[in-house]
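All of the numbers you see were taken from the coordinates with simple rules; none came from a lab. The structure displayed is predicted, hence computed values, not measured ones. Virtual Cβ from ideal backbone geometry, glycine too; neighbours counted across all protein chains shown.
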Amino acid sequence: MENKYEWKLTDIYKTEADYKKDKERINELLEEIKQFKGKLKDSSENIYNCYKIFEEIAELIGKIYAYGMFKYHKDLSNPEGIKLFKDAESLDAKIDETTSFMVPELTDIDTKVLENYLNENKELQRYKRLIEEIIKNKKHILSKDVEDALSRFSDVFNGVENAYDILTNAEIKFPSIKGENGEELELSEATYSKLLSSKNREIRKQASTLLVSEYGKYINTITELYLNRVNEYTKMARLRNYNSSLEKAVDEDDATVEVYNKLISTVNENLNINYEYTKLKKHMLKLPEIHMYDMYVNPFTTEEKYTDIEEAKAIILKALEPLGEEYIAKLKEAFESNWMDVYKAPNKRSGGYNMSVYGVHPYILLNYEGTTNDVSTVAHEFGHAMHSYYACESQNVLDSNYTILTAEIASTVNEILLAQYRIETAKTKEEKMALLYDRIETVRATLLTQSMFAEFEKEVHSNVESGNILNSTKLGEIYLELNKKYYGKDLIIDDYNKYNWARIPHFYSCFYVYKYATGISSAIEIATRILNKEDGFVEKYINMLKLGGSKKSLDILKTVDIDLEDSKVYKNALEFYANDIKKLMNLWDGTKSSLR
């Protein structure tokens, strides 16, 4: 492996002495910050000086934590990496414990006094966003004794999700199925998506029937776990003075109930698009009837070619040219400056991610194998990286972290631009149809399916909050009815699909999935306007990335004219989906279908 394809961790610490120096400095700062305990209410100067120390601590622990984690993820068996990572986690926990007085003390200060402090002390404006969040959340903060008690129950609250993970990842044993040549194929959640994309319909059917039905054997246990999680969340919402569990979730996301409801209602008003796609897919697959297990196979055959990482970089740079010279120049620099660890290696962590190191640069972990999807992953992760780069360059460390509501936008914009470039430069009609089909499937899975999941969660939580009794039968009925509503009469929903909700681990992170749908809707809007070369829009988009988390997420999106409380952004995304379906229909000779 060439060195240029590995991380250069010396960008964080050139020597072990530099690393130790920062650890010592954090311990010094922790002693300094202790002197402000019980004194934040005394003056705006005390608040400012306390936060100034906290800001320096945050920057230093960011480097120490990243350094330890990267060493560990490069080789999960390396004792040095394990020790560094555990040391970083221990130091991080010490910081949390030492600085835990800050938010409660500021919460206890009268709101008008805090606002006066912000107005009178211009230096304190640097931490305005953080202090305004504390003021906003005051009505949801309980007494110190109650908060202390609840903090001690955090591991208990996590117990339900942990039990679900153990059950579904370790204890449920899935049967094997027969492959095309009679060979035994391992059935698991890890291999399921690949089996569902098989051109062999019998394999798809077997995989779906056997895997989903296996969850049915444990459905009462899974139902008990899930409803316990919902009950815990709804009770916590009431305890913290929210009107509903949904309100608590969106408030913590920096969103609103109106965002959630507008997404679902707009998707519901345009489900005919999905019905037409289901009908089209039935025709393309030449099936007398179409089942859920048929929805994941690409009807078009394209040869998977290996794409060298250098070729991948060239393709991505070309595809992202609409983002402007400044963006491309920085991306080229990132490609050549060891921001990514490219290839698989023994004991290297699987998957991929981006992590920003404030004051240094973002780092990307990949396990690149040269597939078409791998090229897309590189574009995706560098969307995150460029977002992090711009935010860190423009904001202090405390305001540089963007929220989950905005986190997937820049990465998805890059994916859409890459897909558009590939479609436009496809060498054959078959290749173009396959690429177009992939983009349609991405929108379906991210916008339509996640909206359906979001609607399922809303209905379940509403039932619990209304005192209605739910059981595995009722949950299955709710899920089946939503599938029928979202896909229409052309798709046959087999009865075992009533267990499919039990496979979704995200449901244990209550009201999480809607952010995938709002994220792709925002990304489609942004990418479309970039591709349309709207005057001045690229500059507005880059400026949005620079804001990081310095403002409310909804206000940040409004700087690029996106209002998530309005139906327009979701309508435009659904129109994009419909237009791609029309393009595919026009390319495919066999269709006689037409969109209503």
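Please report how far the C-alpha centroid of segment 484-558 lies from that of segment 290-345, rounded to the nearest whole angstrom. Measuring centre to centre over Cα atoms gives 21 Å.
In this structure, the amide hydrogen of L470, modeled 1.01 Å from its nitrogen in the peptide plane, lies closer than 5 angstrom to no residue at least 5 positions away or on a different chain. Database remark: amide H of Y368 closer than 5 angstrom to the amide H of Y343, K344 (H placed geometrically; neighbours at sequence offset of 5 or more, or on other chains; Pro and chain starts carry no H). Cα centroid separation, segment 222-243 to segment 42-110: 30 Å.
Applying a length cut-off of 20 Å (Cα extent along the axis) and a mean Kyte-Doolittle floor of -0.5 to the DSSP H helices of the chain leaves 44-74, 219-239, 372-394, 409-425, 514-531, 568-587.
Using only the Cα atoms of segment 37-144, construct the convex hull and provide its projected area averaged over every direction, in square nanometres to one decimal. Kindly include the intermediate steps, with their values, before the conclusion.
Values: hull surface 31.3 nm².
Averaged projected hull area, Cα only: 7.8 nm².
Amide H contacts under 5 Å for M340: I364, restricted to partners 5 or more places along the chain or on a different chain, H placed in the peptide plane at 1.01 Å from N.
What is the Å³ per residue value for the convex hull set by the Cα atoms of segment 60-216? Walk me through the numbers before you get to the answer.
Numbers: hull volume 35.4 nm³, N = 157.
So the per-residue Cα hull volume is 225 Å³.
Principal axis extents of the Cα atoms in the chain, from largest to smallest and rounded to whole angstrom, are 76, 59, 52. Cross-link partners among lysines for K217, C-alpha distance below 30 Å, same-chain residues fewer than 8 apart left out? Leaving aside lysines fewer than 8 places away in the same chain, those within reach of K217 are K173, K178, K194, K199, K205, K235, K458, K474, K484, K485, K489, K498. Divided by 2.2 N^0.38 Å, where N counts the residues, the Cα radius of gyration of segment 173-217 comes to 1.03. Among beta bridges from DSSP that stay inside the chain, the antiparallel ones total about 55%. Annotation for segment 190-211 versus segment 121-174: alpha-carbon center distance of 38 Å.
Which loop-located trypsin sites (Lys or Arg not before Pro) does segment 541-584 contain, where loop means any DSSP state but H, G, I, E or B and the Cβ has at most 11 other Cβ atoms within 10 Å? All intermediate terms of the calculation are to be shown ahead of the outcome.
Values: sites: K546, K551, K552, K558, K568, K571, K582, K583; in loops: K551, K552.
For trypsin sites (Lys or Arg not before Pro) across segment 541-584 that sit outside H, G, I, E and B with at most 11 neighbouring Cβ atoms in 10 Å, the list is empty.
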